[in-house]
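The values are calculated or read from the model by the stated rules, or taken from the named source; none is laboratory data. Keep in mind that this is a model prediction, so the values were computed, not measured. Here Cβ is always computed from backbone atoms with ideal geometry, including for glycine, and neighbour counts include all displayed protein chains.
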Amino acid sequence: MLEVNIHNLKLKNPVMTASGTFGYGEEFADFIDINRLGGIIVKGTTGSHREGNPYPRMAETPSGMLNAVGLQNVGVDAFCSNIYPRIRHFDTNIIVNVSGSTIDEYCETASKINALDNIPAIELNISCPNVKKGGMGFGTNADMAAQVVSEVRKVYSKTLIVKLTPNVTNIVEIAQAVEGAGADSVSLINTMLGMAVDVERRKPVLSTITGGLSGAAVKPVAVRMVWQVSKAVKIPVIGLGGISSAYDALEFLMAGATAVEIGTANFIDPTVTIKVIEGIQEYLDRHNIADIHDIIGII
């Protein structure tokens with residue numbers, strides 16, 4: 001059995017997509033059956049339209065990539081009126097990643113998403129390193145993290161997942177703070193702050209100088225943080241960071257994650273999510289494990 005629960009959210013299997021790497025789901029519909037996924041987390045959504053950062057804003061790095069897209073999106077009103085009607089038919093959990101520059105923007109966006117019948121959860125992004133205001137600023141301080149979660153909790157009644165940044169000294173402290181403020185789950189990790197230099201031009205590769213590092217390079221850090229947080233909170237933990245195979249996903253599950261998100265690997269192989277689902281099932285069958293819960297948190 002692959003079914004898992006994230007608070008009131010029932011997932012067919014523990015495999016979801018990470019925000020910003022899967023568009024709104026429809027972009028991948030030609031490659032996979034979206035309905036087979038445990039859930040899709042659509043790209044970051046803010047109170048108003050954003051163009052994001054200037055180009056260049058992506059760069060390949062050893063075992064990973066840097067991005068500084070900067071939450072380019074159409075804004076919550078356009079999402080609700082134009083995009084939601086196109087994706088609401090998916091027979092899987094559609095989760096909206098919500099971000100903002102101020103607490104009021106977080107609350108306004110979350111409130112509008114709350115009114116959409118076929119969106120059972122949001123992922124509150126307090127951890128984006130690629131925006132000048134808000135984003136990671138809320139996620140690096142326990143008091144600020146708790147404050148934004150507490151205010152969003154007042155206007156959002158469904159499953160509230162909070163996405164955490166690894167760019168902190170003590171991620172357990174942040175996780176416990178958002179749990180106390182009303183989070184139903186935490187997802188971790190978001191990208192790690194990194195930088196690349198073009199030595200021929202003698203300039204940073206990215207227009208923003210620094211950006212978020214993702215991919216295989218961050219996986220050991222992500223697994224460690226998931227293990228630490230899962231031991232310290234009572235709410236479900238969702239693990240992400242460098243997952244590109246069933247074995248990667250199983251590492252996170254055994255370290256304490258109830259579910260996982262696949263991000264950068266979607267750019268390399270648009271069918272990777274289905275391969276991971278099938279690989280997890282094959283592993284359970286081969287080891288005569290009937291229920292995935294028998295391995296969750298086994299480490």
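Here is the figure for the stretch 235-267: residues that are assigned to a loop (DSSP other than H, G, I, E, B) and under 16 Å from S187 (Cβ atoms) total 10.
For the stretch 57-107, filtered to residues that are among the hydroxyl-bearing types (S, T, Y) and without any contact (Cβ under 8 Å) to a residue 40 or more places away in the chain, the residue that is surrounded by the fewest Cβ atoms within 10 Å (Cβ to Cβ) is S81. Pairs meeting the criteria (first residue in the stretch 195-214 and acidic (D, E), second residue surrounded by 14 or more Cβ atoms within 10 Å (Cβ to Cβ), beta carbons under 7 Å, at least 6 apart or on different chains) are D198/V205. The set of residues in the stretch 22-43 being of a type outside the set (K, R) and within 13 Å of the chain's Cα centre (by Cα) consists of F22, G23, G39, I40, I41, V42.
For the stretch 162-196, a residue qualifies if it is aliphatic (A, V, I, L, M), part of a strand (DSSP E or B) and out of contact with any Pro (no Cβ under 9 Å at 6 or more places or on another chain), and exactly one does: V162. Look at (1) surrounded by fewer than 18 Cβ atoms within 10 Å (Cβ to Cβ); (2) under 20 Å from the mean Cα position of the chain (by Cα); (3) small (G, A, S) and you find that A18 fails only one, number (1). Comparison of A232, A257, A249, A216 shows that the only residue that is closer than 23 Å to T140 by Cβ, modelled with pLDDT of 95 or more, touching a strand residue (DSSP E or B) at 6+ places or on another chain (Cβ under 9 Å) and not β-branched (V, I, T) is A257. Reported count of residues in the stretch 241-256, each being more than 13 Å from the chain's Cα centre (by Cα) and in contact (Cβ under 8 Å) with a residue 60 or more places away in the chain, is 2. Within the stretch 190-234, being buried (at least 16 other Cβ atoms within 10 Å of the Cβ) and either of a type in the set (D, E, K, R) or touching a His at 6+ places or on another chain (Cβ under 7 Å) (or both) holds for one residue alone: K219.
Within the stretch 144-180, the set of residues being closer than 23 Å to G194 by Cβ, buried (at least 20 other Cβ atoms within 10 Å of the Cβ) and among the polar types (S, T, N, Q) comprises just one member, T165.
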